[in-house]
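This report refers to the structure that appears directly beneath it.
The values are calculated or read from the model by the stated rules, or taken from the named source; none is laboratory data. These numbers come from a predicted model, not from an experiment. Virtual Cβ from ideal backbone geometry, glycine too; neighbours counted across all protein chains shown. Heads up: the accessible areas ignore ligands, DNA and RNA and are worked out on the full protein's heavy atoms, side chains in. Shrake-Rupley method; radii C 1.70, N 1.55, O 1.52, S 1.80 Å.
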Amino acid sequence: MEFFQKTLDPIIALAAIAVLDIFLFLTVGAWTVGGGETMMTGLAAKLVMGDAVYRIPFWNFAFPPDPSYWKIYISLGMVFGAFLGAVLSKEFYWRMPHRVWEWVMITVGGLLMGIGIRLAFVCNVSTFFGLTPEMNLGGYLAVSGILAGAWVGTWIYKKTLED
Amino acid sequence: MTPVAECVAAFIFGTTVGLLVQRSRYCNVAALRDAMLFKTYRNTKAMLVAMMIMTLGFTAFITIGSGKPMHFDVGLNTFIGLFLFGIGMVLAGACTVSTWVKAGEGNLGAWWALLFTFVGMFLFSLLWSFVYWPPAPATMTGAPNVAGLQFGFANAATLQAKTGIPAIAFGLVQTVVLAAIYRAIVRRERQRSQANAAAGSAESTACDAWADPSGAAPQGAMARAADQGA
């Protein structure tokens, strides 16, 4: 099947995603990832800590762990869809970064992403594919923040590559 | 919709997105980083097209009172949070979409990034439990809150309610702005390819063996390093 042999034009892919996102907006809400990830964090914490997790006010008042939270299933769907695409196009294989600095960058980057999502209540997906198209004030604040952050991150990344 | 139906709809949407992103190699990080670092716009243009379609679609449905827009107060935390996120996604070489997609392709670096995203969220949950900032969604009022550094809530629906102008009109204005950015990028790409072609033709006259009219070699090497990153 040609779909699994050639790289799809990202403009076509994103246009299709945009149309689907409009349907999602009409049924449950616009595409978002950070909320689902937060709920997964809460569920993982509950698995490890049991009911003691509710002694942490955040998980008791702000974000009580709930496995029926629909946003979790967007992320699970994405990993499944990508796995399907990779297997059918024979692009699935185990790979990993080889240099120590890469692992350090990924660790620091992951921590910053997690802290940033919870501080802002939104991630990059909600910023570009939810809030801004809804013309939410938060979308413009988030776009300004992510552009400034990406600029600083790019500067650090460039310096690391040069060294 | 029942909670089960919501979860099924979300899973079908996520699966389709995962498949399309995997096949197209779209990446939100690349949409910003590559534009800043390499002046290449493959992903930026795709993101702009999606934003134009969604702006028109969302504001059209908001005009007639349909759809489920996000509803929470925003404030200084929105800017600072996404600033930290922006640094993090470039360092990790993946955002919230590409971590899941790369994880599905078998990239262990992406699983590691996801693990530490969760760790970061848990650490922030501990900090929030001491400072209670930003305010929890349940305590949000929609009005500005100076003490909490919150600007309140505003979107296309509130604009329509306050001005009496249909939300789609504001959506059209935003779409025109996004289209203007897209056009400027295309024009810049065209100028660059013309300049490269001219330079390539001059170089190939001098020495065919060493000419690299696309200038793709260093960029490819950097991009490969980024791909290995996560």
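Against the test of being more than 7 Å from chain B (Cβ to nearest Cβ) and part of a helix (DSSP H, G or I), the options A:Trp151, A:Trp101 yield a single qualifying residue, A:Trp101. Tell me, please, whether a residue that is at pLDDT below 95, surrounded by fewer than 24 Cβ atoms within 10 Å (Cβ to Cβ) and not small (Gly, Ala, Ser) can be found in the stretch B:72-92. Taking every residue of the stretch B:72-92 in turn, at least one turns out to be at pLDDT below 95, surrounded by fewer than 24 Cβ atoms within 10 Å (Cβ to Cβ) and not small (Gly, Ala, Ser).
Do the conditions hold for B:Met89, that is, is it among the aliphatic types (A, V, I, L, M) and in a helix (DSSP H, G or I)? The answer is yes for B:Met89. Of all residues in the stretch B:15-28 being without any contact (Cβ under 8 Å) to a residue 12 or more places away in the chain and in a helix (DSSP H, G or I), which is farthest from A:Val28 (Cα to Cα)? Only one residue tops the list, namely B:Arg23.
Among residues of the stretch B:1-11 being assigned to a helix (DSSP H, G or I) and facing chain A (nearest Cβ under 7 Å), the one that is surrounded by the most Cβ atoms within 10 Å (Cβ to Cβ) is B:Ala10.
Residues in the stretch A:110-126 that are β-branched (Val, Ile, Thr), open to solvent by less than 20 Å² (accessible area, probe 1.4 Å) and part of a helix (DSSP H, G or I): A:Ile117, A:Val125. Anything in the stretch B:103-114 that is open to solvent by 50 Å² or more (accessible area, probe 1.4 Å) and facing another protein chain (nearest Cβ under 7 Å)? List them, or say none. Those that are open to solvent by 50 Å² or more (accessible area, probe 1.4 Å) and facing another protein chain (nearest Cβ under 7 Å): B:Leu108, B:Trp112. The listed residues are A:Ala52, A:Ala45, and the only one of them that is assigned to a helix (DSSP H, G or I), modelled with pLDDT of 95 or more, open to solvent by less than 60 Å² (accessible area, probe 1.4 Å) and at the interface with chain B (Cβ under 7 Å from one of its Cβ atoms) turns out to be A:Ala45. Considering (1) open to solvent by less than 60 Å² (accessible area, probe 1.4 Å); (2) at pLDDT below 90; (3) small (Gly, Ala, Ser); (4) touching a Pro at 6+ places or on another chain (Cβ under 9 Å), the lone condition that B:Gly215 does not fulfil carries the number (4). Taken over the stretch B:44-86, the criterion of being at the interface with chain A (Cβ under 7 Å from one of its Cβ atoms), hydroxyl-bearing (Ser, Thr, Tyr) and assigned to a helix (DSSP H, G or I) is satisfied by B:Thr55, B:Thr59, B:Thr78. Mind listing just one residue for me: the one in the stretch B:164-187 that is without any contact (Cβ under 8 Å) to a residue 60 or more places away in the chain and closer than 15 Å to B:Lys39 by Cβ and, of those, least open to solvent (accessible area, probe 1.4 Å)? So, considering only residues that are without any contact (Cβ under 8 Å) to a residue 60 or more places away in the chain and closer than 15 Å to B:Lys39 by Cβ, the one least open to solvent (accessible area, probe 1.4 Å) is B:Ala184. When each of B:Ser66, B:Ser129 is tested for being of a type in the set (Gly, Ala, Ser) and out of contact with any Phe, Trp or Tyr (no Cβ under 8 Å at 6 or more places or on another chain), the lone residue that passes is B:Ser66. The residue of the stretch A:1-29 that is most open to solvent (accessible area, probe 1.4 Å), among those that are in contact (Cβ under 8 Å) with a residue 60 or more places away in the chain and more than 7 Å from chain B (Cβ to nearest Cβ), is A:Met1.
Suppose we keep only residues that are assigned to a strand (DSSP E or B) and open to solvent by less than 80 Å² (accessible area, probe 1.4 Å) within the stretch B:115-152. Which one would you say is farthest from A:Leu141 (Cα to Cα)? Among residues in the stretch B:115-152 that are assigned to a strand (DSSP E or B) and open to solvent by less than 80 Å² (accessible area, probe 1.4 Å), the one farthest from A:Leu141 (Cα to Cα) is B:Asn145.
Residues that are on the phi > 0 side of the Ramachandran plot and assigned by TED's automatic domain parsing to the domain that holds A:Tyr157 do not occur anywhere in the stretch A:40-51. Residues that are over 28 Å from B:Arg188 (Cα atoms) and touching a residue at least 40 places away in the same chain (Cβ under 8 Å): does the stretch B:81-94 have at least one? The answer is yes, given that some residue of the stretch B:81-94 is over 28 Å from B:Arg188 (Cα atoms) and touching a residue at least 40 places away in the same chain (Cβ under 8 Å).
Which of the residues that make up the stretch A:137-148 are under 15 Å from B:Thr158 (Cβ atoms), at the interface with chain B (Cβ under 7 Å from one of its Cβ atoms) and open to solvent by 40 Å² or more (accessible area, probe 1.4 Å)? Matches in the stretch A:137-148: A:Leu137 only.
Here is a list: A:Ile156, A:Ile106. Which entry is within 16 Å of the chain's Cα centre (by Cα) and either farther than 19 Å from B:Phe153 by Cβ or without any contact (Cβ under 8 Å) to a residue 12 or more places away in the chain (or both)? After applying the criteria, what remains is A:Ile106.
Okay, residues lined up against (1) out of contact with any Phe, Trp or Tyr (no Cβ under 7 Å at 6 or more places or on another chain); (2) open to solvent by less than 20 Å² (accessible area, probe 1.4 Å); (3) not assigned by TED's automatic domain parsing to the domain that holds A:Leu47:
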| position | (1), (2), (3) |
| --- | --- |
| A:Pro65 | no, yes, no |
| A:Lys71 | yes, no, no |
| A:Ser75 | no, yes, no |
| A:Phe80 | yes, no, no |
| A:Val100 | yes, no, yes |
| A:Val108 | yes, no, yes |
